[in-house]
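A.B. asks: Here you go, one structure.
The values are calculated or read from the model by the stated rules, or taken from the named source; none is laboratory data. Please read all numbers here as calculations on a predicted model, not as lab measurements. Positions of Cβ are generated from backbone atoms using ideal geometry, with glycine treated the same way; all protein chains shown enter the neighbour counts.
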């Protein structure tokens, strides 16, 4: 067993222990009409992404009621932590960027990709402070860059360095969760910060951070919806219902960014104009995980293996869940 796998399992076990009591309570929650307790779907979400919007709307709760499910929502600061919870069977379904499932698969996490979203080319970036002497990615050589290891920002850094003719080893990564990374960035402990929305737009607004590079001229991977393998295999109707609601809501959000920002700003505790900015940066459109998307994700996986950031080469399609009926339903919407 690799050191990476042992660490993942230790963290997963800790998460499982921490959430056992809460999950037991969730499983016994009534559906609210005096009948027998409903089945409880445990969803992991982040501040950005459609799941946060569905939570604020309550639309998914209504969609799943006829299937006998209520929802318990769990917020995570980033994708790697969410997938650790998925591995610990503390959540059933979640949403992350492209890199977290790559690291999870390499670490032996039992999950499957069940859906995909296009990513925003301007929704994450490598930032420097407004008074920084750094003006190009090439100048990051030897510098300290804060980032969440295994996050979407990790791939952005990898791709940006490659285009600038640098290797990953040419910079000094400082692995921190978003809140800690912001503190390090603001204090000057690190020279740059690779981060996504809404942390990115917040740093632009409140810290006047300067964007060094984003995905505008780089390979931009997809974002993904994941589930435990057992849940996806046993409940394709629930997975289909979730993805269907995500697609419906995503297309609505694309046309109603102002209304969306007004809805979720109070929920996430951010200024409405700030929220509107990051909502506009994402081109929502939930799809099934197609063969083309699998090939694109394999490129991401191979890049991390080539940079020695995952312990073994993986085959993405081994962890892909596909259902003919769900794929057809999403294509028809």
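A.B. asks: Considering region 128-144 alone, what residues qualify as being outside any loop (DSSP other than H, G, I, E, B) and touching a helix residue (DSSP H, G or I) at 6+ places or on another chain (Cβ under 6 Å)? Break it down into steps so the answer makes sense when it comes.
C.D. replies: Initially, region 128-144 is screened for residues outside any loop (DSSP other than H, G, I, E, B), giving 128, 137-140, 144.
Correct list: 137 only.
Yes or no, residue by residue, for (1) assigned by TED's automatic domain parsing to the domain that holds residue 227; (2) within 30 Å of residue 214 (Cβ to Cβ); (3) at pLDDT below 95:
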site	(1), (2), (3)
29	yes, no, yes
35	yes, no, yes
49	yes, yes, yes
61	yes, no, yes
89	yes, no, yes
96	yes, yes, no
102	yes, yes, no
110	yes, no, yes
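A.B. asks: Of all residues in region 145-181, count the ones that are surrounded by fewer than 17 Cβ atoms within 10 Å (Cβ to Cβ) and in contact with a strand residue (DSSP E or B) (Cβ under 7 Å, 6 or more places away or on another chain).
C.D. replies: Summing the residues that are surrounded by fewer than 17 Cβ atoms within 10 Å (Cβ to Cβ) and in contact with a strand residue (DSSP E or B) (Cβ under 7 Å, 6 or more places away or on another chain) in region 145-181 gives 2.
A.B. asks: Quick check on my filter: what residues within region 188-200 are closer than 10 Å to residue 145 by Cα and either outside any loop (DSSP other than H, G, I, E, B) or not assigned by TED's automatic domain parsing to the domain that holds residue 160 (or both)? Quick ask: steps written out before the conclusion?
C.D. replies: Looking only at region 188-200, we keep the residues that are closer than 10 Å to residue 145 by Cα, and these are 189-194.
Once the filter is applied, which keeps residues that are closer than 10 Å to residue 145 by Cα and either outside any loop (DSSP other than H, G, I, E, B) or not assigned by TED's automatic domain parsing to the domain that holds residue 160 (or both), region 188-200 yields 192, 193, 194.
A.B. asks: Being surrounded by fewer than 17 Cβ atoms within 10 Å (Cβ to Cβ) and assigned to a helix (DSSP H, G or I) is the requirement here; does residue 203 meet it? It would help to see each step written out before you state the result.
C.D. replies: On the way: surrounded by fewer than 17 Cβ atoms within 10 Å (Cβ to Cβ): no; assigned to a helix (DSSP H, G or I): yes.
Judged against the criteria, residue 203 is not a match.
A.B. asks: How about region 275-332: which of its residues are part of a loop (DSSP other than H, G, I, E, B) and crowded, with 20+ Cβ neighbours inside 10 Å? Steps first, please.
C.D. replies: Within region 275-332, the subset part of a loop (DSSP other than H, G, I, E, B) is 281-286, 288-290, 307-315, 321-323.
Scanning region 275-332 gives 281, 282, 284, 286, 288, 289, 309, 310, 314, 321.
A.B. asks: A further question on this structure: Keeping to region 44-77, report how many residues are free of Cβ contacts under 8 Å to residues at least 60 places away in the same chain and either surrounded by fewer than 16 Cβ atoms within 10 Å (Cβ to Cβ) or under 30 Å from residue 153 (Cβ atoms) (or both). Walk me through how you get there before you give the answer.
C.D. replies: Step one: of region 44-77, the residues free of Cβ contacts under 8 Å to residues at least 60 places away in the same chain are 44-46, 58, 61-62, 65-66, 68, 70-76.
Keeping just the survivors that are either surrounded by fewer than 16 Cβ atoms within 10 Å (Cβ to Cβ) or under 30 Å from residue 153 (Cβ atoms) (or both) gives 44-46, 58, 62, 65-66, 68, 71-76.
Number satisfying all stated conditions: 14.
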